[in-house]
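The values are calculated or read from the model by the stated rules, or taken from the named source; none is laboratory data. Everything quoted here is computed from the prediction, not taken from an experiment. Cβ atoms come from the backbone with ideal geometry, glycine included; neighbour counts cover every protein chain shown. For accessibility, only protein heavy atoms count, side chains too; no ligands or nucleic acids. Shrake-Rupley method; radii C 1.70, N 1.55, O 1.52, S 1.80 Å.
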Amino acid sequence: MGGAALSGALWLGLLWAGAGTGAGGGCSERCCEGRDAACVSSGWREDGGYGSCYCDGGCRRAGDCCHDHCQACPALPCVVGEWSHWSGCAEQCKPNLRLRRRYIQQEPKNGGEPCPALEEKAGCLEYLTHQGQECGHEHVPAFITTSEYGKERKRRAASSSWSSDKEEAGYCVEFKTESLSHYCALENRPYARWMQYLREGHTVCVACQPPAMNTDTHRCSGDGHNADGGKILRWEAVGNSRCQGTWKKIRQLEQCSCPLVHSFIFT
């Protein structure tokens, strides 16, 4: 019995020594990407067992890697370069997308960290054509609030830095509301209850007055300048960005004449 035990121990010792030197198999020059049943060797496994073992990228998850897998097939993560500069808008004069890219400098190996996203997109809107002409302003939402705020703003204007004897008189734009979110009807804060009166299909008046009026263009952002009656324009209530919708421009007037609950101002 003692001789048999000694012989067995000697045999196991030789196997271990062979595995340690690569003579008994292992992953030397056998590394494979992904899970590959053909990427098989024989020898000691990382779990201490002896027999068939694997050198592929999935062996660690399966728990059947050869004992030298970490050394022979080290996991290398994906390496990417820096982001490029953002591109310009894909199209001028209307909401579109711009993008930026980065490129792979080293592919992942042996189950290393996979590559992150190589492309990012973001919204954009260009206000000039390639020829330098202004455009795109009809896509900017009209930010509106109750006309009552206009009275308060006029009172404050008397002592403000933007008050002027030559102050623009302003103008009025009539719109027909096409859609609005349900958040408008849910608004019940005292200073924002005016939003409850917004309704689909109603005609509303929106006044353009300083300081909302641009001193160079003499217009308010989102007033639908040069938009025909069939163009859908966007608006948003100041004080609750979820109260928003669309409308179509009817006409521009010198003065507003809508009922108070349907009278607003550009901000």
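Assorted remarks:
- Amide H contacts of residue 221 (H built 1.01 Å from N, under 5 Å, at least 5 apart or other chain): 214
- Proximity of backbone amide H atoms, modeled 1.01 Å from N, is registered between residue 253 and 172, 173, 174 at under 5 Å, excluding neighbours fewer than 5 places apart on the same chain.
- The accessible area of residue 186, taken with all protein chains in place and a 1.4 Å probe, comes to roughly 110 Å².
- Residues residue 105 and residue 199, FRET efficiency given R0 of 35 Å [Cβ-Cβ distance, rounded to 0.05]: 0.05
- Amide hydrogen proximity for residue 26: with H placed 1.01 Å from N in the peptide plane, the residues at 5 or more positions away or on another chain lying under 5 Å are 42.
- Annotation: per residue accessible area for the range 174-223 equals 52 Å², rounded to a whole number [probe 1.4 Å, protein chains only].
- Full extension of the chain between residue 254 and residue 50 gives 64.2 nm of extra length, using 0.36 nm per residue less the Cα-Cα distance.
- Candidate aspartates and glutamates - alpha carbon under 14 Å from residue 94, same-chain residues fewer than 8 apart omitted: 126, 134, 138
- 3J(HN,Hα) along the range 29-39: 6, 10, 5, 10, 8, x, 8, 9, 5, 7, 8 Hz, from the Karplus curve 6.51 cos²θ - 1.76 cosθ + 1.60 with θ = phi - 60°, whole Hz, x for Gly and Pro.
- 3J(HN,Hα) along the range 211-223: x, 5, 6, 5, 5, 8, 8, 6, 9, 9, 4, x, 7 Hz, from the Karplus curve 6.51 cos²θ - 1.76 cosθ + 1.60 with θ = phi - 60°, whole Hz, x for Gly and Pro.
- What the phi angles of the range 74-91 give under the Karplus curve with 6.51, -1.76 and 1.60, with θ = phi - 60°, is a coupling list of x, 6, 10, x, 5, 10, 10, x, 6, 5, 6, 5, 5, 6, x, 4, 4, 9 Hz, glycine and proline written as x.
- Within-9-Å neighbourhood charge of residue 240 [Cβ basis; K, R +1; D, E -1]: 0
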